[in-house]
Amino acid sequence: MVILLQPIPKCKTSPVIIPVVDLTDPTAKTQIVKACEELGFFKVVNHGVRSDLLTKLHEEATEFFALPQSLKDKAGPADPFGYGSKRIGLKGDVGCIEYILLNANSHLSSTKTTAVLRQTPAIFREMVEEYTEEMKRMSSKVLEMVEEELGIEPKEKLSKLVKVKESDSCLRINYYKEKEETTAKEEIGFGEHTDPQLISVLRSNDAEGLQICLKDGTWVSVPPDHSSFFVIVGDTLQVMTNGKFKSVKHRVLTNTKRSRLSMIYFAGPPLMEKIAPLACLVPKQEDYLYKELTWSQYKSYVYKTKLGDYRLGLFEKQLPFSLSNV
Ligand SMILES: C=C1C[C@]23C[C@@]1(O)CC[C@H]2[C@@]12CC[C@H](O)[C@@](C)(C(=O)O1)[C@H]2[C@@H]3C(=O)O
Ligand SMILES: O=C(O)CCC(=O)C(=O)O
Ligand SMILES: [Fe+2]
């Protein structure tokens, strides 16, 4: 099954077909690998996540964002965890957004997360825990399918990096409020960037706004679908597949008619995990496009960069002097 992406007005573009992968389909793993190579993005249906969990978490999050500003501010500013408004990261990026960023593994021990949970009913904490478990399951499943299709050896398993308790994953809930004036123009909600982790699993309500950038630089809008998930390839998976998979640039424009609420799980490896091209995919070391760094080293660098910066350069091998000067 395929869906048509709507071209952005005034952009040079032709309709793009984005893949829709049914996780219960026996050919799903082949479709996933193709989508990761061609677009770095695909939609997942038949994912097995309870729809009442999605609805309830959505309602609770909406209630949090409807709280008086003074109460929300008690859970901020984001450091990176906690409640944030307009400012994204530490390097001056801004957007028309409010968000909560939670550490998915030790979210109960982060001070800022505790502050978020203090402003929300106990059920919110239970639902966040259940949701992050579901996201861990789905991201591991997607990575297992990649392993099977690419013939990745057990010791190099990608899915293990997400399954282990040390995995450095996080959950973000973004809220983009609709504009009061009907004549208001679209603005940047979340500026263009790639996600640094392995994969991100995104779910939103039915408000538009998410766009992805194709290989030729064209931006296309992704029609929202509250009952499905979208998978985004991150920088770490690009490195581990030696560039076979591409981390896709994406952004969010505010919707003037409807508020958008999105929840994204960023599946990251353990902090001390060495990130480098997988030997079973690239037999000769001289063919490696990237050098080895730990996730901790890359993450520290990520947090010193601006949203739109090209971060993968840190992994790129220096060309020998003779070659870099030609
Ligand atoms: C400006 C920034 C926000 C960000 C950290 C960074 O310095 C550059 C990457 C940003 C990003 C994008 C994907 C995720 O939303 C995020 C949590 C991440 O891991 O990298 C954010 C970071 C953030 O908001 O703190
Ligand atoms: O809010 C969205 O739909 C996407 C946001 C995003 O790309 C992110 O949080 O990294
Ligand atoms: Fe993102």
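Check N242 against each of (1) under 21 Å from W295 (Cβ atoms); (2) within 14 Å of ligand 1 (Cβ to nearest atom) and name the one condition it does not meet.
It is condition (2) that N242 fails.
Just a yes or no: is a residue in the range 141-158 within 25 Å of D225 (Cα to Cα), of a type in the set (V, I, T) and at pLDDT 95 or above? Even if it seems obvious, please write down each step before you answer.
Residues of the range 141-158 within 25 Å of D225 (Cα to Cα): 141-146.
Adding the requirement that they be of a type in the set (V, I, T) leaves 142, 146.
With at pLDDT 95 or above added as a condition, the list becomes 142, 146.
Yes, some residue in the range 141-158 is within 25 Å of D225 (Cα to Cα), of a type in the set (V, I, T) and at pLDDT 95 or above.
Can you name the residue in the range 272-295 that is exposed (fewer than 15 other Cβ atoms within 10 Å of the Cβ) and either among the basic types (K, R) or within 30 Å of L57 (Cβ to Cβ) (or both) and is also nearest to the chain's Cα centre (by Cα) among such residues?
So the residue we want is K274.
Determine, yes or no, whether H226 is touching an Asp or Glu at 6+ places or on another chain (Cβ under 9 Å), surrounded by fewer than 18 Cβ atoms within 10 Å (Cβ to Cβ) and in contact (Cβ under 8 Å) with a residue 60 or more places away in the chain. Lay out the reasoning, then the answer.
Working: touching an Asp or Glu at 6+ places or on another chain (Cβ under 9 Å): yes; surrounded by fewer than 18 Cβ atoms within 10 Å (Cβ to Cβ): yes; in contact (Cβ under 8 Å) with a residue 60 or more places away in the chain: yes.
Here the answer is yes, as H226 does meet what is asked.
Output the number of residues of the range 176-199 satisfying the condition of being part of a loop (DSSP other than H, G, I, E, B), within 16 Å of ligand 3 (Cβ to nearest atom) and touching a strand residue (DSSP E or B) at 6+ places or on another chain (Cβ under 7 Å).
Result for the range 176-199: 3.
How many residues does the range 200-216 hold that are away from ligand 3 (no atom under 13 Å from the Cβ) and not charged (D, E, K, R)?
Total meeting the criteria: 3.
Could you please tell me which pairs satisfy a Cβ distance under 6 Å, a separation of 6+ or placement on different chains, a first residue in the range 229-247 that is more than 13 Å from E38 (Cβ to Cβ), and a second residue that is within 14 Å of ligand 2 (Cβ to nearest atom) and part of a helix (DSSP H, G or I)?
Pairs that qualify, where the first residue is more than 13 Å from E38 (Cβ to Cβ) and the partner is within 14 Å of ligand 2 (Cβ to nearest atom) and part of a helix (DSSP H, G or I), are S247/D235.
When the residues of the range 184-202 are filtered to those that are among the charged types (D, E, K, R) and farther than 16 Å from V222 by Cα, which remaining residue is farthest from ligand 2 (Cβ to nearest atom)? So that I can check it myself, show each step before the final result.
The initial filter retains those residues of the range 184-202 that are among the charged types (D, E, K, R), namely 185-187, 192, 195.
Checking which are farther than 16 Å from V222 by Cα leaves us with 185, 187, 195.
Working: K185: 19, E187: 14, D195: 5 Å.
It comes out as K185.
Given the residues K249, K244, K179, which is the only one that is modelled with pLDDT under 95 and either crowded, with 19+ Cβ neighbours inside 10 Å or not β-branched (V, I, T) (or both)?
The conditions single out K179.
I'd like to know if the range 105-114 contains one or more residues that are more than 16 Å from ligand 1 (Cβ to nearest atom), under 19 Å from A267 (Cα atoms) and modelled with pLDDT of 90 or more.
no
(1) more than 20 Å from E37 (Cβ to Cβ); (2) modelled with pLDDT under 95: which one isn't true of H226, the others all being true?
(2)
May I ask you to list the residues in the range 231-286 that are more than 16 Å from ligand 2 (Cβ to nearest atom) and acidic (D, E)?
Listed by number, the residues that qualify are E273, E286.
Just checking, how many residues over the range 153-175 are part of a strand (DSSP E or B) and of a type in the set (A, V, I, L, M, F, W, C)?
Of the residues in that region, 3 qualify.
The values are calculated or read from the model by the stated rules, or taken from the named source; none is laboratory data. Quick caveat: nothing in here was measured; it's all calculated off a predicted structure. In this analysis, Cβ positions are derived from the backbone assuming ideal geometry, glycine residues included, and neighbour counts consider all displayed protein chains.
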